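Colleague: Mind looking over this structure? Questions follow.
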Amino acid sequence: MPAFTATAPGKVILFGEHAVVYNRPAIAVPVTQAQARATVTADLRGSLGRVWIDAPAIKLSASLESLSPDHPFNVLFHALRAKLGVTTLPAMRLRIASSLPVAAGMGSGAAVSVAILRAVSAFLGQPLEDTLVCELAFQTEKAYHSTPSGIDNTVITYARPVFFRRGQPLEFLQVVQPFTLIIAQSGIASSTASVVNRVRRAWEQETERYEMLFDRIGAITNLARQHIVLGQPAALGQLMNENHSLLCELGVSCPELDHLVQTAQQAGVLGAKLSGAGGGGNMIALTLLEQAEAHASALLQAGATSVIVTTVQTTPIE
Ligand code: PMV
C-alpha cells in the first residue's frame, strides 16, 4: 500500500497582525526552512473508521475518536468528510512531523492542517484544490482560536507572499527584488487565542483608540505593499520599526521581544518587529544578505533561542 505524504511551510507576518482581525490588511510570507509533514497509510489491521494519529512533536499517539470532539484534528476530519461526502473513513494511520516551533508565531497549527488535508484527501482518492484546502484549514483554525483572520491558512496553503484582507479577494504579492529576513525565537510560548482575546477586551473598552491604532497599522501595511511591489526592500525596514511601536501601543509586545527588536536595530538591521500574536513567540528583522550572519549572531547573544535566516524570493510575473 503506498504512503501519501504532503508538506506545508511555516509563515511569518511581515505587517498588520492583530489589525487584520479588525479588517485591516496584512502581509505574510511563507517560510520553507521549517515545515509540517503528514503521511497517511492504510491500516490493514485497523477496524473500519479508525484513524490512528502519531504526532511525536506534541506527544500524541491516539485514535481520532479518543480525542475530544472540539480537538482541532476532529474539527478538521469532520470538515473534510463533510466536504468530500465520506461517511465512513477507511482504517488509516496518520503520522505528523513538524519542524515548526509550536506556539511561536510561525503558523504551525495551520501548516499541520494543510499537510493533513492534502495527504488524507489524496489517500481517499479525492485530492483537494487549494481553495478547498484553504477553506477547510480556516475552519480548523477556529478550533485553535475563535476569531482567526484567515491569514495563516491562506499564506500556508498557497506558499506565496500574500496581501491579505478579510473578506476581500486574495492578492498575491509581486516581489520584484528578493529580501532577507531573520526570524528569531524569544523562547516564550505564546497562545494566539489569549493574546487575541486580550486585544479584543482592550478594544471593547477603548474602541476609538484601538480603531485609530489599527488604522495606522493598516496605512503602514499599504505603504509596505507598494515598497515590495516597487522593489524597495530597504524602505520596508523603517515601516517595520513603526509597526513594532504600534504593536507595543496595542499592548502585545513583551520585554523579551522588545529587547530582541532593540538589539537588532542597534546591530544595524534595516528594521525589526515582533511577528504574529506577540506576548512571546518570534520577532523578525529585515537585513542585507551579506550581514545576515552577523545580525543573527547578535540576536542569539541577546537571548534568542533559535534563528532562521530566510530570503523572500522574487515571484514570477503573472
Ligand atoms: O500567532 P500567529 O502567528 O498565529 O499570528 C496571529 C496573527 C493575528 O493577527 C494576531 C491573529 C489572526 O488570526 O490573524
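The values are calculated or read from the model by the stated rules, or taken from the named source; none is laboratory data. Quick caveat: nothing in here was measured; it's all calculated off a predicted structure. Here Cβ is always computed from backbone atoms with ideal geometry, including for glycine, and neighbour counts include all displayed protein chains. Each accessible area value is taken on the protein alone, full model and side chains, heavy atoms only, with ligands, DNA and RNA left out. Shrake-Rupley method; radii C 1.70, N 1.55, O 1.52, S 1.80 Å.
Colleague: Restricting to segment 76-87, name every residue that is over 14 Å from Gly125 (Cα atoms) and either open to solvent by 40 Å² or more (accessible area, probe 1.4 Å) or over 24 Å from the mean Cα position of the chain (by Cα) (or both).
Modeller: His78, Ala82, Thr87
Colleague: Output the qualifying pairs, or none if there are none: Cβ atoms under 6 angstrom, residues six or more apart or on different chains, first residue in segment 234-260 and within 14 Å of the ligand (Cβ to nearest atom), second residue aromatic (Phe, Trp, Tyr).
Modeller: That search, which allows pairs on different chains as well, returns Asn243/Phe15.
Colleague: Restricting to segment 260-290, name every residue that is out of contact with any strand residue (DSSP E or B) (no Cβ under 8 Å at 6 or more places or on another chain) and surrounded by 16 or more Cβ atoms within 10 Å (Cβ to Cβ).
Modeller: Within segment 260-290, Thr263, Ala267, Ala277, Gly278, Gly279, Gly280 qualify.
Colleague: Assess whether Ser61 counts as being more than 16 Å from the ligand (Cβ to nearest atom), farther than 26 Å from Gly150 by Cα and in contact with a strand residue (DSSP E or B) (Cβ under 9 Å, 6 or more places away or on another chain).
Modeller: yes
Colleague: Looking only at residues that are open to solvent by 40 Å² or more (accessible area, probe 1.4 Å) and touching a Ser or Thr at 6+ places or on another chain (Cβ under 9 Å) in segment 295-316, which one is farthest from the ligand (Cβ to nearest atom)?
Modeller: Out of the qualifying residues, it is Gln301.
Colleague: Please count how many residues of segment 176-218 are touching a Lys or Arg at 6+ places or on another chain (Cβ under 9 Å) and surrounded by fewer than 17 Cβ atoms within 10 Å (Cβ to Cβ).
Modeller: 2
Colleague: Please count how many residues of segment 125-149 are modelled with pLDDT of 95 or more, surrounded by 17 or more Cβ atoms within 10 Å (Cβ to Cβ) and either in contact with a helix residue (DSSP H, G or I) (Cβ under 6 Å, 6 or more places away or on another chain) or closer than 22 Å to Glu17 by Cα (or both).
Modeller: So the count comes out to 7.
Colleague: Filter segment 88-105 down to residues that are surrounded by fewer than 18 Cβ atoms within 10 Å (Cβ to Cβ) and among the polar types (S, T, N, Q) and give me whichever is farthest from Ala38 (Cα to Cα).
Modeller: The qualifying residue farthest from Ala38 (Cα to Cα) is Thr88.
Colleague: Given the criteria modelled with pLDDT of 95 or more and either among the small types (Gly, Ala, Ser) or more than 16 Å from the ligand (Cβ to nearest atom) (or both), does Ala219 qualify?
Modeller: Considered against the rule, which asks whether it is modelled with pLDDT of 95 or more and either among the small types (Gly, Ala, Ser) or more than 16 Å from the ligand (Cβ to nearest atom) (or both), Ala219 comes out as yes.
Colleague: Further, regarding this structure: Which members of segment 89-98 meet the condition of being touching a helix residue (DSSP H, G or I) at 6+ places or on another chain (Cβ under 9 Å) and either more than 16 Å from the ligand (Cβ to nearest atom) or under 18 Å from Asn74 (Cβ atoms) (or both)?
Modeller: Result: Leu89, Pro90, Met92, Leu94, Arg95, Ile96, Ala97.
Colleague: Give the number of residues within segment 20-48 that are open to solvent by 40 Å² or more (accessible area, probe 1.4 Å) and more than 30 Å from His244 (Cβ to Cβ).
Modeller: Qualifying residue count for the region: 6.
Colleague: Turning to a different aspect of this structure: Report yes if Ser108 is touching an Asp or Glu at 6+ places or on another chain (Cβ under 9 Å), open to solvent by less than 40 Å² (accessible area, probe 1.4 Å) and either closer than 30 Å to Lys273 by Cβ or within 16 Å of the ligand (Cβ to nearest atom) (or both), otherwise no.
Modeller: No, not satisfied.
Colleague: Still on this structure, please answer the following. Can you name the residue in segment 261-294 that is part of a strand (DSSP E or B) and closer than 20 Å to Gln232 by Cβ and, of all such residues, is nearest to the ligand (Cβ to nearest atom)?
Modeller: Ile284
Colleague: Also, I was wondering about something else. Would you check which residues across segment 163-195 are closer than 22 Å to Asn222 by Cα and within 12 Å of the ligand (Cβ to nearest atom) and list them?
Modeller: Of everything in segment 163-195, those that are closer than 22 Å to Asn222 by Cα and within 12 Å of the ligand (Cβ to nearest atom) turn out to be Phe164, Arg165, Arg166.
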